[in-house]
Amino acid sequence: MGSSKIVINPISHEALELERKILVVEDDEISYSLIEEILETCNVKPVRAIDGEEAVALFKENESAYNLIFMDIRLPKLNGYEASQRIKEINPSVIIVAITAYGHSQCIIDCFNAGCDEFITKPFDINKIISLVDKYIVNK
């Protein structure tokens, strides 16, 4: 055997810059904990908002801090449709992934009409969340 090499995992290296890149808007504690656990397997620590108003406020504070948002649709104060519309008015290029337990066709249409770029249903498909992080954050 020759000399040993140090190998740096590119995802771990990039994670230093990714810590504040994902905003998760979720009022349900169990759902948020599950998303957080999934994202941590991607070496990403999410920032949480518990309702649409908080999400818009956090995004306004520093819109360049987030290039991916997981947006629950059924939220207190300001629902996910309206929060998505307001965020897209601030920055149309931010990627918003709608998350809802209601997977019927009208809900999907409403999500896309509100400006959402992707749609996932509860219960979560872990591989779908990981592939979205890879698509919009890691491999961007």
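The values are calculated or read from the model by the stated rules, or taken from the named source; none is laboratory data. This is a predicted model, so every value here is computed, not measured. Ideal geometry is used to build each Cβ from the backbone, glycine not excepted, and the neighbour counts take in all protein chains shown.
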#### Entry: Exclusive hit being farther than 24 Å from Asn62 by Cα and among the basic types (Lys, Arg), set Lys122, Lys88, Lys77
Lys122
### Message
Show me the helices (runs of 4 or more DSSP H) found entirely inside the range 22-90 where at least 1 residues are touching a Cys at 6+ places or on another chain (Cβ under 8 Å).
### Response
80-90
### Task
Under 8 Å between Cβ atoms, at least 6 apart or on separate chains: pull out the pairs that start in the range 109-130 with a residue that is within 25 Å of Cys42 (Cα to Cα) and end on any residue that is loosely packed, with under 13 Cβ neighbours inside 10 Å and hydroxyl-bearing (Ser, Thr, Tyr).
Ile130/Thr41
### Query
Would it be correct to say that Phe119 is at pLDDT below 95, in contact with a Cys (Cβ under 6 Å, 6 or more places away or on another chain) and surrounded by fewer than 21 Cβ atoms within 10 Å (Cβ to Cβ)?
yes
### Task
Could you please let me know if Ile108 is outside any loop (DSSP other than H, G, I, E, B), modelled with pLDDT under 90 and at negative phi?
yes
### Task
Determine whether the range 48-56 contains at least one residue that is closer than 18 Å to Leu132 by Cα and modelled with pLDDT of 95 or more.
yes
